[in-house]
Every structure is written in C-alpha cells, then in structure tokens.
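Written below as structure tokens is the structure these notes are about.
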Amino acid sequence: MNRLRVFLADDHAVLREGLRMLVDSQDDMEVVGEASDGRAAVQSVTELLPDVAVLDVSMPELNGLQAAKLIKRCCPDVNILTLTRHTDDGYLQQLLKAGVSGYVLKQSASNVFLTAIRAVATGQRFLDPAVTGKVIGSYVAKAANKGAPSAPDLSDREQEALRMIAWGYSNKEVASRMEISVKTVEVHKANAMRKLGMRSRIDIVRYALLQGWLQDT
C-alpha cells in the first residue's frame, strides 16, 4: 500500500516532533519532510511535492496563509491542511480563499488531525468539528437577518456545480466532470450564488455544511 506523503511545518519543535511520531505510527502515512518557518516550508514542499502539506498558521518568515498561497500557485496538486489555535471565522475565510483544503485546531484530539489528513489527501474539505458549529451558526444567523429563503429554487445543474465547488474542485475540473464548458460552470455558479445571496467562497462552504454535502465524499 502506498503511504500518504505528509509534510509538517510548525515553528514549535516539540509539537512538530509529536505530530511526526503520530503520523509515522500510522500504516497509511509517513512524514517526508519538515520545516520550522513558512519560507523553508514553501521551498521544501516545492521540491518534495507531498500529498498533504500541514502548515501552522502562525510561523516566522511567512505565516501559514502566505505560505499556502505560494504553494498553491506553484504546486496546485498539493493538498494543504492548516493548524491553528484560532476559532475565528475570519481565519477560515482567508485560508479557504487561498486554496487550503482543511482547518484543524491544535487543541483537538489526535484522531481529528489524522482524519483531516486522510480527507484532504482524497480531495475533500475538512473543517474541525469545533469550527464547523460556529461556521454554521454564523451562516444561519446571517440568513435569518436577511430573511433568506430556507430552500432556494436551484436547478439541478446549479446545485451540482455548487456542490463540486464546495468540495474544492476548480471550475475547469467541474466543467470536465459535468461535460460542459468552463463558461457554463461560471454561469451556474453565479446564478446559484445570486439565488442564495452569497458573495464569497466561504458562503458556499457554509451552505454545503448545512446541506451535509461535505460528508458525502
């Protein structure tokens, strides 16, 4: 069985060592490299091309957000999982826009971290359960304040496109899977977001969480 190749970037050596021991103890994954700052992480990930790059949000040289943007720009196939102590929705929104696939709290149990690695390695999105509840609550409150309808009239194609976008597929990948043009995907996405009153990618993810789409893959 091919093991998942995992890269770890965190400026705290003790935490990094603990994560390495945890990952290497699993039959289906192994640590292939480490870094103690964001700049070194970007350089090493570019060379090693791991399946999953685990990035601490708060690192010297380049923080996790900056490192994630650079990695996705040069290595779009590398899946990124971020680690943080922050439950602030603002962090999540910025990271999702940067192309991050997963968001795990450092204070969460080790099984959550391992589940997140396996999920993002297969192209899924993973949000720490402790963050998910807050995100859904924020979305519900916002929708209630706007008086948004609970069941918008999305066409089947609009819903299909929005679902895959929430899963993390690019417009080009969605077009290929739906056997339509990229322009048509963009139209479906725009129409769906207009009907749902959405303005950003984080709104799509929030809606997907409410619909249970992120547990379907």
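The values are calculated or read from the model by the stated rules, or taken from the named source; none is laboratory data. Note that the structure is a prediction, hence the values are computed from the model and not measured. Neighbour counts run over all protein chains shown; Cβ positions are idealised from the backbone, glycine included.
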### Query
For segment 81-102, does any single residue satisfy the condition of being of a type outside the set (Phe, Trp, Tyr), more than 26 Å from Trp167 (Cα to Cα) and touching a strand residue (DSSP E or B) at 6+ places or on another chain (Cβ under 8 Å)?
no
### Query
In segment 137-154, is there at least one residue being modelled with pLDDT of 80 or more and either under 20 Å from Asn191 (Cβ atoms) or in a helix (DSSP H, G or I) (or both)?
yes
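One line per residue, one yes/no per condition, for (1) hydrophobic (A, V, I, L, M, F, W, C); (2) touching a Ser or Thr at 6+ places or on another chain (Cβ under 9 Å):
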{"position": "Arg85", "(1), (2)": "no, yes"}
{"position": "Leu105", "(1), (2)": "yes, yes"}
{"position": "Ala119", "(1), (2)": "yes, yes"}
{"position": "Thr122", "(1), (2)": "no, yes"}
{"position": "Leu127", "(1), (2)": "yes, no"}
{"position": "Ala130", "(1), (2)": "yes, yes"}
### Message
Cβ-Cβ under 6 Å, sequence separation 6+ or interchain: first residue in segment 109-135 and closer than 19 Å to Val31 by Cβ, partner modelled with pLDDT of 90 or more and among the charged types (D, E, K, R). Which pairs?
### Response
Ala121/Asp51
### Query
Does segment 29-42 include one or more residues that are out of contact with any helix residue (DSSP H, G or I) (no Cβ under 8 Å at 6 or more places or on another chain) and charged (D, E, K, R)?
yes
#### Entry: helices (runs of 4 or more DSSP H) within segment 2-80 that include 2 or more residues surrounded by fewer than 19 Cβ atoms within 10 Å (Cβ to Cβ) and polar (S, T, N, Q)
38-48
### Message
Given the options Leu8, Leu49, Leu70, name the one that is at positive phi and outside the structural domain of Asp203 (by TED's automatic domain parsing).
### Response
Leu49
### Message
Taking the conditions exactly as written (part of a helix (DSSP H, G or I), out of contact with any Asp or Glu (no Cβ under 8 Å at 6 or more places or on another chain), among the basic types (Lys, Arg) and at pLDDT 85 or above), does Lys172 satisfy them or not?
### Response
yes
### Task
Find all pairs meeting these conditions: Cβ atoms under 9 angstrom apart; at least six residues apart or on different chains; first residue within segment 91-104 and at negative phi and assigned to a helix (DSSP H, G or I); second residue surrounded by fewer than 24 Cβ atoms within 10 Å (Cβ to Cβ) and among the hydroxyl-bearing types (Ser, Thr, Tyr).
Tyr91/Thr84; Gln93/Ser200; Leu95/Thr84; Leu96/Ser200; Lys97/Ser200
